[in-house]
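To start, the structure under review is shown below, and the notes come after it.
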Amino acid sequence: MLSISDIMQTVNMIDHQHLDIRTITLGISLDDCADPDINKCSRKIYDKICSRAKNLVKVGCEIEREFGIPIINKRISVTPIAQVAASCSSSDYGIIGRALDDAAKECGVNFIGGYSALVHKGFTKSDKKLIASIPETLTQTELVCSSVNVATTKAGINMDAVALMGEIIKRTSEINAIGCAKLVVFANAVEDNPFMAGAFHGAGEGECAINVGVSGPGVVWKALQEVRGEKFDIVAETIKRTAFRITRMGQVVAQAASERLGVPFGIVDLSLAPTPAKGDSVARILEEMGLEICGTHGTTAALALLNDAVKKGGVMASNHVGGLSGAFIPVSEDEGMINAVNKGALSLEKLEAMTCVCSVGLDMIAVPGDTDSDTIAAIIADEAAIGVINSKTTAVRIIPAKGKKAGDVIEFGGLLGSAPVMSVKESSSHEFISRGGRIPAPIHSLRN
Amino acid sequence: MKAIMTVTAPDRVGIIASVCTLLASMGVNILDINQTVMDGIFTMTLLVDTSTSSHKFDEIKSALTERGESEKLNIHIQRADIFNAMHRV
């Protein structure tokens, strides 16, 4: 038998350091649900999701009890709806959005992702219809998440899509701020992401797949407290060892879920996903490395070390690693980040720099309600450029907080937390965004 | 199913007896036990086999939780796989 200290270490990680499985996400292909009649298409989608995912929550809860590990979310991701609905003659894609919402509620999952379009090189008619329907769909549904991929390293940046998404986010925020929390704009979106709001079941995926996202900022934070004052070599090694353990737990759970549901195992996402709970913060890990507050000089280097060490530690613990894999830095979902913004130490510009070395991008950022669509589009363009040039995923999940100005607070509740409203530049990006067209792919995309 | 149990509580007489009597009454076989007292805190880990029991895992877990609550013991029971995966390469 293992030693008492090893066993108690695991128990303490779960009991006191917020170690959990953040999500088990069942990816489902909807390719065979296409139909020219949108009502029939919606029915096929609803039926297929309900049949494939009917046991997801039950099995998730069973694993939770047997393994003694909290599984915070059970989710579903589906084929991008713009592809599934392409043969529908109707423009009212909201019907499909509502079918997704109904299916998610029937299955008892927390969220369903895939109300999505991939437009990094151009729009199909269906892409345009889907994007136009996003604001209303996110308002009329509760559990549906939407994402739009506007750039890839291979294709460059579709600036028409960037401009359009600026307007869509603005329109969504005017109807319902929480809608923006369910909408992500990506560069280099991945096909097997288990995390919301950006999960969808990509074109290269099989019929179904189980993808698991682990979490454990609290465990890493605690481990680093034990090596206070040591050199960075020790810090990196400590994070690697901790990430290995966290990921192994994800792997065991993913395998159990795959076997019990009869669905192939896809990937484990080597993530550090914070929550608003005290002691479950990525920002606090960076501060533990010796920064007075997250956002001060040195933060980007600390995050780079953390992100790299998490991957190195995790990669050997799972036989298939994928998704976004790295540390998330969502402002509203991280107690330490909120504190840093409130104290004026963490600005949008610093967050942008941090996204060069973390797993995704500007996540759950609230900006003043009067921020115009061109400014939002320009923020998306900057993030997309970072992703495209660095061959990494970047994303923007930004919430223009209606009626609020910089320094105010917007409350979302639950896992989404609350976000301090951050200031944006006042100078205009209008002419830049109005140009349209495509920013060409970078030279290093030509690797053949 | 092989499971790891942990029991922690301020040290006192009869903790092992109470936990093991309950396991025996439910037909759960104990394969290995480690026990120590750290800073006055009684800490015990057990490797048990629940397949010898006629009770379902959930029932065993509830009975242990109930016993833990009534006697102020902190008791966990989890599949052993998770510990092996996390601590062995």
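So which aspartates and glutamates can A:K44 reach, going by Cα to Cα under 13 Å and dropping same-chain residues fewer than 8 places off?
Of all the aspartates and glutamates, those that pass the test against A:K44 - Cα under 13 Å, at least 8 places apart if same chain - are A:D31, A:D32, A:D35, A:D102.
Please state, to two decimals, what the Cα-based radius of gyration of the range A:46-141 comes to when divided by 2.2 N^0.38 Å (N = residues). Please report the intermediate quantities before stating the final value.
Details: Rg = 15.5 Å, N = 96, 2.2 N^0.38 = 12.5 Å.
For the range A:46-141, the normalised Cα radius of gyration is 1.24.
What is the Cα radius of gyration of the protein assembly as shown over 2.2 N^0.38 Å, N being its residue count? Spell out each step's value before the answer.
Details: Rg = 24.3 Å, N = 537, 2.2 N^0.38 = 24.0 Å.
So the protein assembly as shown has a normalised radius of gyration of 1.01.
On average, how much area does the Cα convex hull of the range A:211-435 cover when viewed from any direction, in nm²? Before the final figure, lay out each step's value.
Details: hull surface 53.6 nm².
Directional mean of the projected Cα hull area for the range A:211-435 stands at 13.4 nm².
Can you tell me which of A:184-192, A:53-61, B:8-16 comes out highest on packing, and rank the rest after it, using the mean Cβ neighbours within 10 Å? Don't skip to the end; give the middle numbers.
Numbers: A:184-192: 25.9, A:53-61: 18.8, B:8-16: 13.1.
Top to bottom by mean Cβ count within 10 Å: A:184-192, A:53-61, B:8-16.
For a quick check of your reading of the filter: which trypsin sites (Lys or Arg not before Pro) in the range A:353-448 sit in a DSSP loop and have no more than 11 other Cβ atoms within 10 Å? Walk me through the numbers on the way to the answer.
On the way: sites: A:K392, A:R397, A:K402, A:K404, A:K405, A:K425, A:R435, A:R438, A:R447; in loops: A:K392, A:K402, A:K404, A:K405, A:K425, A:R435, A:R447.
Taking the range A:353-448 and a limit of 11 other Cβ atoms within 10 Å, the loop trypsin sites (Lys or Arg not before Pro) found are A:R435, A:R447.
Across the range B:2-87, how large is the tail of the calculated P(r) beyond 18 Å, expressed as a percent of all Cα pairs? Please report the intermediate quantities before stating the final value.
Numbers: 1391 of 3655 pairs.
Every Cα pair in the range B:2-87 considered, those over 18 Å come to 38 percent.
Which value, in debye to the nearest 20, gives the size of the charge dipole of the range A:211-435 about its Cα centre, when Lys and Arg are +1 and Asp and Glu are -1 at the Cβ?
On the way: 21 positive and 26 negative charges, 133 e Å.
Charge dipole of the range A:211-435: 640 debye, to the nearest 20.
Give the Debye-formula value of log10 I(q)/I(0) at each listed q (0.15 Å⁻¹), with one equal scatterer per alpha carbon of the range A:330-443, two decimals each.
After summing over all Cα pairs, the log10 values are -0.66.
Suppose every K and R has +1 on its Cβ and every D and E has -1 on its Cβ; what is the size of the dipole of the protein assembly as shown about the Cα centre, in Debye to the nearest 20? Walk me through the intermediate numbers first.
Details: 52 positive and 61 negative charges, 132 e Å.
My answer is approximately 640 debye.
Contact order normalised by length for chain A, with contacts defined as Cα pairs under 8 Å and 6 or more residues apart; what percent is it?
The normalised contact order for chain A reaches 17 percent.
How large is the Kirkwood hydrodynamic radius of the range A:68-216, counting all unique pairs of alpha carbons, in Å? Please report the intermediate quantities before stating the final value.
Details: mean 1/r = 0.0647 Å⁻¹.
Across the range A:68-216, the inverse of the average 1/r is 15.4 Å.
Using the Karplus curve 6.51 cos²θ - 1.76 cosθ + 1.60 with θ = phi - 60°, work out ³J(HN,Hα) for each residue of the range A:337-347 in order, rounded to whole Hz, and write x for Gly and Pro.
Coupling constants for the range A:337-347: 5, 4, 4, 5, 5, 4, 8, x, 8, 10, 10 Hz.
How far apart, in nm, are the 7 Å Cα→Cβ label points at B:E71 and B:D11?
So the two model labels end up 1.7 nm from each other.
Taking +1 at the Cβ of each Lys and Arg and -1 at the Cβ of each Asp and Glu, which of A:W221, A:H18, A:G361 sits farthest along the dipole of chain A towards its positive end, judged by Cα position relative to the Cα centre?
Highest projection toward the positive end goes to A:G361.
Using only atoms on other chains, find how many Cβ atoms lie within 10 Å of each Cβ of peptide A:8-18 and report the average. List each step's numbers first, then the result.
Details: counts 6, 3, 9, 9, 2, 1, 3, 4, 0, 0, 0.
Per-residue shielding by partner chains comes out at 3.
Here, each number is a calculation from the coordinates, and none is a lab measurement. In this text the structure is predicted, and so the values were computed from the model without any measurement. Because the Cβ atoms are built from the backbone with ideal geometry, glycine has one as well, and the counts that use them run over all protein chains shown.
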